[in-house]
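Notes to accompany the following structure.
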Amino acid sequence: MSIGIGENLTGSFGYAKDKLVGSIGNWILLMILTIIPIVNWIAMGTYLKVYRGEDPKVENIGKSFVDGLLMLIIAFLYMHIPTVILLILGGGAIFAAGLGGPQAVMAGLGIGVLILCIILYILFGLIMTPAIVSFARGGFGDAFKFGQLFAMIGKAGWLKYILSNIVLGIIFGIISLLFAIPFVGWIIMIILFPFLIVWASKFWANLFE
């Protein structure tokens, strides 16, 4: 689907409004589920339905619970794979330093590991979203089909995808400032959270259509 970022934002916003404002009971239920530890996996699994073109309606709770748990596992792995690689490379650098060598070489090796680490964190951060979309549509294994994930980003356009992350991050960052309002900020954010997640989910679903 060829869709501009602005058009996608407004269309996704309208989708979230229709699905949640049009079903206040479901919105309230998502609010409640989202703030309860472990039980909130049901809410996460419900949000994943948007990627499959389904309504974010709380039903089939068992499947939603498992989907939410699997999504957390995927996110955990994507956040920690670069850390594991860093530990391996860092351990190698420390071992090399222990063997003795020119300080300039050791310093260069350390800088190289740091730069690689930054690149890996950025890369895995970028492919985590299409990985979760792919999981929701296909299954757990699809979240790690890296060729497929890069193809998804390539089809959407790398520049558009990166700009989408920036724009969505700015918008949600501004909205999150509501949390700073004394006394009522946290209540506002609890109310808005399901809407924001459905909005973002539909945005990414459209981008990776």
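Do we find a residue being open to solvent by 30 Å² or more (accessible area, probe 1.4 Å), hydrophobic (A, V, I, L, M, F, W, C) and at positive phi anywhere in segment 181-192?
The answer is yes, given that some residue of segment 181-192 is open to solvent by 30 Å² or more (accessible area, probe 1.4 Å), hydrophobic (A, V, I, L, M, F, W, C) and at positive phi.
Assess whether L48 counts as being modelled with pLDDT of 90 or more, of a type outside the set (S, T, N, Q), surrounded by fewer than 18 Cβ atoms within 10 Å (Cβ to Cβ) and in a helix (DSSP H, G or I).
Numbers: modelled with pLDDT of 90 or more: yes; of a type outside the set (S, T, N, Q): yes; surrounded by fewer than 18 Cβ atoms within 10 Å (Cβ to Cβ): no; in a helix (DSSP H, G or I): yes.
No: the conditions fail for L48.
Which of the residues spanning segment 137-171 are at positive phi and within 15 Å of the chain's Cα centre (by Cα)?
Across segment 137-171, there are no qualifying residues.
Among the residues of segment 135-167, count how many are in contact (Cβ under 8 Å) with a residue 60 or more places away in the chain and buried (at least 18 other Cβ atoms within 10 Å of the Cβ).
Matching residues across segment 135-167 total 4.
Which of the residues belonging to segment 3-30 are in a helix (DSSP H, G or I), β-branched (V, I, T) and more than 16 Å from I197 (Cβ to Cβ)?
I5, T10, I24
Name every residue in segment 72-105 that is modelled with pLDDT of 70 or more, of a type in the set (A, V, I, L, M, F, W, C) and open to solvent by 40 Å² or more (accessible area, probe 1.4 Å), in order of residue number.
The answer is L72, I73, F76, L77, M79, I81, V84, I85, L86, L87, I88, L89.
Give me the residue from segment 112-134 that is among the hydroxyl-bearing types (S, T, Y) and open to solvent by 20 Å² or more (accessible area, probe 1.4 Å) and, out of that set, nearest to L149 (Cα to Cα).
T129
Does segment 1-41 hold any residues that are open to solvent by 70 Å² or more (accessible area, probe 1.4 Å), over 19 Å from the mean Cα position of the chain (by Cα) and either under 17 Å from Y51 (Cα atoms) or among the polar types (S, T, N, Q) (or both), and which are they?
Passing the criteria: M1, S2, T10, K17, D18.
Name the single residue, out of those in segment 40-65 being of a type in the set (A, V, I, L, M) and in contact (Cβ under 8 Å) with a residue 24 or more places away in the chain, that is nearest to K202 (Cα to Cα).
In this case the residue turns out to be V50.
The values are calculated or read from the model by the stated rules, or taken from the named source; none is laboratory data. Values in this document were obtained by computation on a predicted structure and should not be read as measured data. Cβ sites come from the backbone with ideal geometry, for glycine too, and all protein chains shown count toward neighbours. Surface accessibility is based on the protein's heavy atoms, side chains included, excluding ligands, DNA and RNA. Shrake-Rupley method; radii C 1.70, N 1.55, O 1.52, S 1.80 Å.
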